[in-house]
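Below is one structure, written out as structure tokens, with a few remarks after it.
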Amino acid sequence: MRSTARRTSPISSYAVGSPPYVTAEQFELRSTNVSTQSVKPGATLTATAGYGSDFGKIITRFDIDTDHPDYCNLEERFGFSPGAKLYLRVRFGTSNSSDGDCWLISNNSTATESVEVAAPTTPGNYDVVFELVGRTTGTVYDSDRIEVQVDEQAPTNPGPDDPPDDGDDNGNNNGGSEDQLFGPGVAIGGVAVVALVAALALS
């Protein structure tokens, strides 16, 4: 499901809302994927999501809500470069979150992050819920879900380094990164594997 509605504005060729824009609202989930469609009770699976901004262009600081708690700026290196402090949260039997970062709204590449979550302990069909969350406010700016079967007869689950199944990815891409938002690199935080590095740590 999607929680943000996108529209064309007179200032940006593609933007959500109206000036002053909330930078975090410009981001949406582009792909969601799970490593297996069937998992044993209590076992873990890897959930991967790609997200990014389709904001049309850099605009003046007067057109951006710089007072919003989830706003961040990469000004020290790039001049006025509005961004959003966001991370991925996944809920299944357990909940887990990525480290996230400060993402530049004018870079339209895809950030790809993965976390591991455990399945419920009771067999049945459950949703793996993906949420794009504001670091400061805890606001869920976008969300999606994939149904997974929890079954005692499920095959042994693939590990985090194994390729994902070719199962249904909810109509999206398989979670692979398109272009990194900032430079090459892999950051590891807890069980989250972040397939990109932003230019500035969260403030």
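What follows draws every value from the coordinates through simple rules; no lab data is involved. Since the structure is predicted, the reported quantities are computational estimates derived from the model, not experimental observations. For neighbour counting, all protein chains shown are included, and Cβ atoms are generated from backbone atoms with ideal geometry for every residue, glycine included.
Using r as the Cβ-Cβ distance of Gln153 and Ser95, and R0 as 35 Å, what FRET efficiency do you calculate, to the nearest 0.05? According to the calculation, E is roughly 0.85. Summing Lys and Arg as +1 and Asp and Glu as -1 over all other residues whose Cβ lies under 13 Å from the Cβ of Pro120 gives a net charge of -2. Here, the stretch 8-57 yields an orientationally averaged convex hull projection of 4.8 nm² when only Cα atoms define the hull.
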